[in-house]
Amino acid sequence: MSSNPDIRSLLSKCLPGHSLPQPFYVDSDVYEADLKTVWSGEWIFAGTRPELKKTGSYLTIQAGPTSVIVVRGADDTIRAFYNTCRHRGSRICAEARGQTTKLVCPYHQWTYDLDGRLLWTRGMDPEFKADDHGLRPVHVREVSGLIFICLAQQPPDTDLLERTASRYLGPHDLPNLKVAQQTSIVENADWKLVMENNRECYHCTSNHPSLCVTLPDDPFLWGGGTSAGSAIGRAHIDRCEAAGLPSAYTIAPSEQWRFVRIPFVGSATSFTLDGKASVAKRVGTVPFDDAGSCLFFHYPNTWMHFLSDQVMTFRIAPLGLGTTELTTTWLVHKDAEEGVDYDLGRLTEVWTNTNDEDRRIVEENQVGIRSAGYVPGPYSHDHEGGVIQFIDWYRRTLDSHLDDHMLHAAE
Amino acid sequence: MSSNPDIRSLLSKCLPGHSLPQPFYVDSDVYEADLKTVWSGEWIFAGTRPELKKTGSYLTIQAGPTSVIVVRGADDTIRAFYNTCRHRGSRICAEARGQTTKLVCPYHQWTYDLDGRLLWTRGMDPEFKADDHGLRPVHVREVSGLIFICLAQQPPDTDLLERTASRYLGPHDLPNLKVAQQTSIVENADWKLVMENNRECYHCTSNHPSLCVTLPDDPFLWGGGTSAGSAIGRAHIDRCEAAGLPSAYTIAPSEQWRFVRIPFVGSATSFTLDGKASVAKRVGTVPFDDAGSCLFFHYPNTWMHFLSDQVMTFRIAPLGLGTTELTTTWLVHKDAEEGVDYDLGRLTEVWTNTNDEDRRIVEENQVGIRSAGYVPGPYSHDHEGGVIQFIDWYRRTLDSHLDDHMLHAAE
Amino acid sequence: MSSNPDIRSLLSKCLPGHSLPQPFYVDSDVYEADLKTVWSGEWIFAGTRPELKKTGSYLTIQAGPTSVIVVRGADDTIRAFYNTCRHRGSRICAEARGQTTKLVCPYHQWTYDLDGRLLWTRGMDPEFKADDHGLRPVHVREVSGLIFICLAQQPPDTDLLERTASRYLGPHDLPNLKVAQQTSIVENADWKLVMENNRECYHCTSNHPSLCVTLPDDPFLWGGGTSAGSAIGRAHIDRCEAAGLPSAYTIAPSEQWRFVRIPFVGSATSFTLDGKASVAKRVGTVPFDDAGSCLFFHYPNTWMHFLSDQVMTFRIAPLGLGTTELTTTWLVHKDAEEGVDYDLGRLTEVWTNTNDEDRRIVEENQVGIRSAGYVPGPYSHDHEGGVIQFIDWYRRTLDSHLDDHMLHAAE
């Protein structure tokens, strides 16, 4: 990004309640600014503790050209490091996930401990200090089994998030789940369009036939406040909370994240084509099957569903201008046995369909926005309140980080 | 395009009668300038009336990242719109052609009438005005069955074109033809190289064996004035005009378009490998089989052949820097029956070959121009007069629009 | 490259003995600067005389977007020309190598003699002067059967190189070898990473199992001076020189090129999986089989192995930002017969494996360097002295040409 003043100038042209001006979705300077501000300054969801089952389990996560290793140490602490050797910069782990005893660079076998310390090199100069060449650490925080990383030098505070997540997600007992399936797809669209798409169900009826069997598209169920606009939603929340399941709509003061529990359509209990449970074992301490879904989002890169029989996490990562990866993970009770307690096809088919339908939609959105004929259009406050909320958060957050970035660039 | 002064500076370095300096063919700033001036300020050929057979028939045309829908209304009027929803900007029609009753955005089903009015949305805010959110119109003009669009706010005048086309093309009765075949290929070359290639037959002998069976490569048949340099051409024009078929060379004062009728080699009547007719039914009121071809070009994006038994249109569209799409359409009498009156393979083989040969040629041209060793070279006035004429038109037209563009950019 | 001052500023940030700052490996301005300075100002290895067996034999070589034809004339002189027609700029030779009688442009058949003179055109204007439109020459120099080209107007002096090469390479008699195999692979990495990789064997043990059968990885064999750090190396040099085979380490004052002869592991004589000779006929006047390899590098684009039974040349060419082509040529005695004197698979398998292993390594290096987490790391003086030497040469050479380039840009 050569010129922050240009980004400010672009920000000043945004219309409230409207989609963003074209450059926000197509311009390489904005894309670079997004990476250097929002993606480098905020907490990013990386995965879950069940993905790091034991000592040496690791996963990698991409933010633009930057890859980060998240790894579980011998002390069971989860740490994160830039996935780049301190010698000549080779990527260390090429895979999306794996299991290792040490982190070994494939180029010259510089060998790092799981805590990032450089343990071994060969033939370096006498004055070389291994202690100065450990892997560069990245902040990591575990929140009720969810793992977040932050590339900033001073990461934002997470106290309120931790306390809130503990209440809402604790009953789903994420640390005692296991990964049943994980998939990644690439969508040819700016990451913000992928997130906008998730933040409304205005498009669901016409595009998601299998999802709509169970997921209601009434925006007042999710919309904000106490979901007071929906009697069904209110009743569901009251019933769940009476059973000890925190469920009422709550949002961060910054509006970066939100929790709310919504009911499914009719008597449905899970994301299946018949609405029935997809896994025989209930997770955690959820008191009944028809608990609906506890929805959680955390900008810029995740949304999740916490059900009575499964948890689904969605993680997006910009891979390049107009290219976004979506990684979906299905988690079930750690003792649930495939083929006995659940059928993998049945567990995953609704959201496999839905993800592909969304991919097609956002790609067409991206193509249309590239046109000289594009002008920002109005969102529906009723149906797209969530999109407005995301866009507003994005604009504030981008703006707030521009100064940091200018300070860094001036160094 | 960041800097029009740079484009002017480049223009000042062009040598008369020579190919353009390297940046005109390889530089992204020039490409963007082409899109914003020539392609946004001039009429662009989009298709023919037979491609829009009935109410709701539509086609889409690309100019760089901008897609335009051309659609036939219930009143049989042909209209054009930016192919971008006024809601969140999704592309509306993803296909190159189709048939519909309404224009429905795939994202949230905003529904537009064929005349562009927004007919239906769901759940928009009370203050939302549908009337303010119709599809953004693009100028459209029908010229003897040829459909042109223009992205400019004030499109250029077409009176002379309409009057002239009526005389030259009227006898071929385009509205009563039908599409026999339409193909698209992508050429990895700047759009100007594709057009330059079409504007000379200096390369034909060595590259187009099947085309040269019927198409003469004598440049004096096409060259200009009264084709006085060619006795055969003069005789053909005289014979055709005596039979009521306007044929003499005529060119716009701006030199943007031209008509001239040329004879085929020997007794050939159509583009076939034996020179015989490819369709049993003659088109329109053409008085005899051996009428040769009435050649029409219209910059920046089309050339056409009007024969006694078929009409061929060629349309180019820049898809990106160094990438151009060529769409070829073969039209025959609407009552001609495939397999009875014509064989599709025989109808299309000569130009299918020729297009592919030209693709290879212009791609090698593009590759060679990218070299540090490229210097603009001299065109032959005899054989490449048409190229000189195109390049001169391009330079004048680019220059004339730079000011418009600067005014717009300053808004 | 818009701004040489930026390149100078980047150069000033390089740390001695460390890998280069990120922009040198990933920035398009640096890539363009590399092409316009190092690659346009220095001699580039193009091929060997055996690749141009007779009159009209040619090869093409790429440096970024610029292709050069190297061709053997009727007078057996080898000449080089920009592979771009002086007419409209088409590439003339699309193939990597071939045999022709004249250089004929595929577009309009402008025909050039093998010495570059324009021999024939058709229908050009009366004032057109063929003498002014010969192919643009590129400097070419043959050095003991190695062919170098230079795009600069005033190429650097080659006297010392010629004298030295004559002594070291003469015994291998390159002009009397023949090409047994030539392969090209593309590596997704900056050309400097490909060269860095070649300049050390620190990575060999873990990555090149088949190469390590015969090639020792002791850096003191190659390191510099008299290879005094290695008794084995010293003994090998003494033995070879006593037999009349120049072998001692020698490097250009500019450090652009170097010769040294090293022994193989144990009694190995060639790059094979059992260490035995791969070709039954010894090349030139090499006095014994176990002469090891005479190593030659010449920046920016080649390294070679001269053995007793074969010669291998490696040539790299930048194809684009982060994309490099590696061409490997195996040469054997001209009278060696495939299937009798050598088996092609056995001859080529070790370096086919090794090249692919190196491709994987440098691609991971490139990926890791793109990260925001990359910081230049320290090279081992013992094991990576050759890399330091290359990087230092690169920085000096880039710097020395920036002024030339600014002068040219100001023209």
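The values are calculated or read from the model by the stated rules, or taken from the named source; none is laboratory data. The structure displayed is predicted, hence computed values, not measured ones. Using ideal geometry, Cβ is built from the backbone for each residue, glycine included, and neighbour counts are taken over all protein chains shown. Note: accessible area is taken over every heavy atom of the protein model, side chains too, but ligands, DNA and RNA are not part of it. Shrake-Rupley method; radii C 1.70, N 1.55, O 1.52, S 1.80 Å.
Within straight-line reach of B:Lys334, meaning a Cα separation under 22 Å, sit the following lysines at least 8 residues removed in sequence or on another chain: B:Lys53, B:Lys54, B:Lys178, B:Lys276, B:Lys281.
Computed about its Cα centre, the charge dipole of the range B:44-150 is approximately 240 debye, with only Lys, Arg, Asp and Glu carrying charge at their Cβ.
With the alpha-carbon atoms of the range B:44-150 aligned to their principal axes, the span from lowest to highest coordinate is 45, 30, 21 Å, starting with the largest. When all protein chains stay in place and ligands, DNA and RNA are ignored, the 1.4 Å accessible-area order of A:Phe220, C:Phe390, largest first, is A:Phe220, C:Phe390. Beta bridges assigned by DSSP with both partners in the range B:160-369 are antiparallel in approximately 95 percent of cases.
For C:Lys13, which lysines qualify as cross-link partners when the Cα separation must be under 28 Å and same-chain residues fewer than eight apart are set aside? By straight Cα distance, C:Lys13 reaches A:Lys36, A:Lys129, C:Lys36, C:Lys192. Mean partner shielding of peptide C:390-399, defined as the number of other chain Cβ atoms within 10 Å of each residue Cβ, is 0. Take the Cα of C:His18, step 7 Å toward its Cβ, do the same at A:Arg234, and the gap between the two points is 6.3 nm. Atom-type composition of the exposed protein surface of chain C places 50 percent of the accessible area on carbon and sulfur (1.4 angstrom probe).
Spacing of the modelled spin labels on C:Arg8 and A:Asp132, each 7 Å from Cα toward Cβ, amounts to 3.0 nm. For chain B, set up a Gaussian network in which alpha carbons nearer than 10 Å are linked by springs, and say which option among B:Ser371, B:Ser270, B:Ser67 fluctuates the most. Answer for the Gaussian network model of chain B: B:Ser371. As a calculated quantity, the FRET efficiency between A:Ala280 and A:Lys54 at R0 = 22 Å, using C-beta atoms, amounts to about 0.30. A 1.4 Å probe run over the protein chains yields, for the range C:160-369, 33 Å² of accessible area per residue, whole-number rounding.
Backbone phi angles across the range A:319-324, fed through the Karplus curve with coefficients 6.51, -1.76 and 1.60 (θ = phi - 60°), yield HN-Hα couplings of 9, x, 4, x, 9, 9 Hz in residue order; Gly and Pro are listed as x.
Per residue, the convex hull around the alpha carbon atoms of the range C:188-260 comes to 115 Å³. Shape summary of the range C:35-97, radius of gyration then Dmax from alpha carbon positions: 12.2, 33 Å.
For the protein assembly as shown, rounded, prolate or oblate, judged on the Cα gyration tensor with a ≥ b ≥ c (square roots of eigenvalues), a/c < 1.5 rounded, else prolate if a/b > b/c? Here the protein assembly as shown falls in the oblate category. Using just the C-alpha positions of the range C:130-275 as equal point scatterers, what log10 of I(q)/I(0) does the Debye formula give at each q in 0.09, 0.13 1/Å? Evaluating at q = 0.09, 0.13 Å⁻¹ gives log10 I(q)/I(0) of -0.39, -0.81.
Per DSSP helix of 4 or more residues, -39500 (n - 2.57); summed, then divided by the residues of the protein assembly as shown. What does that give at 222 nm, rounded to the nearest 500?
Values: 30 runs with 339 residues, N = 1233.
For the protein assembly as shown, the value works out to -8500 deg cm²/dmol.
Taking a ≥ b ≥ c as the square roots of the eigenvalues of the alpha carbon gyration tensor, chain C is oblate, as a/c is not under 1.5 and a/b does not beat b/c.
Note on exposure: A:Lys281, A:Lys53, B:Lys334 ranked by accessible area (1.4 Å probe, complete protein assembly) read A:Lys53, B:Lys334, A:Lys281, with the most exposed listed first.
Output the antiparallel fraction of DSSP beta bridges having both residues in the protein assembly as shown, as a percent to the nearest 5.
Taking every DSSP beta bridge within the protein assembly as shown, about 100 percent pair in antiparallel fashion.
Going from the isolated chain to the complete set of protein chains, the range C:38-82 loses at least 40 Å² of heavy-atom accessible area (1.4 Å probe) at C:Pro65.
Under a Gaussian network description of chain C, with springs only between Cα atoms under 10 Å, the residue in C:Ala33, C:Ala152, C:Ala372 that fluctuates furthest is C:Ala372.
An ellipsoid equivalent to the range B:299-376, defined through the eigenvalues of its Cα gyration tensor, has semi-axes of 33, 13, 10 Å when rounded to whole angstrom and sorted largest first. Measuring heavy-atom accessible area with a 1.4 angstrom probe and counting protein chains only, the residues of the range C:97-133 that give up at least 30 Å² relative to the chain alone are C:Pro106, C:Tyr107, C:His108, C:Gln109, C:Arg122, C:Gly123, C:Met124, C:Asp125. Computed on the range B:88-153, the Cα convex hull volume stands at 120 Å³ per residue.
Applying D = kT/(6 pi eta Rh) to the range B:199-329, where Rh is the Kirkwood radius over alpha-carbon pairs, T corresponds to 10 °C and eta to 1.306 mPa s, the Stokes-Einstein value obtained is 102 µm²/s. Paramagnetic label reach from A:Asp356 (point 7 Å along Cα→Cβ; backbone nitrogen cut-off under 18 Å): within the range A:190-214, residues A:206-213.
Comparing A:Leu344, A:Leu169, A:Leu160 in a Gaussian network model of chain A, where Cα atoms under 10 Å apart are tied by springs, the biggest mean-square fluctuation is seen for A:Leu160.
If the label point is 7 Å along Cα→Cβ of B:Ser184, which residues in the range B:49-66 have backbone nitrogen under 15 Å from it? Residues passing the 15 Å test: B:58-66.
For the protein assembly as shown, what is the charge dipole size about the Cα centre, in debye to the nearest 20, if Lys and Arg each add +1 at the Cβ and Asp and Glu each add -1 at the Cβ?
Rounded to the nearest 20 debye, it is 460 debye.
At a Förster distance of 30 Å, what's the computed FRET efficiency of B:Arg167 paired with B:Asp335, Cβ-Cβ distance as r, to 0.05? Once rounded, the FRET efficiency stands at 0.75.
In this rough spin-label picture, where each label sits 7 Å from Cα along the Cβ direction, the A:Thr100-A:Arg122 distance is 1.7 nm. Per-residue surface analysis assigns B:Asp6 an accessible area of about 90 Å², computed on protein heavy atoms at 1.4 Å probe radius.
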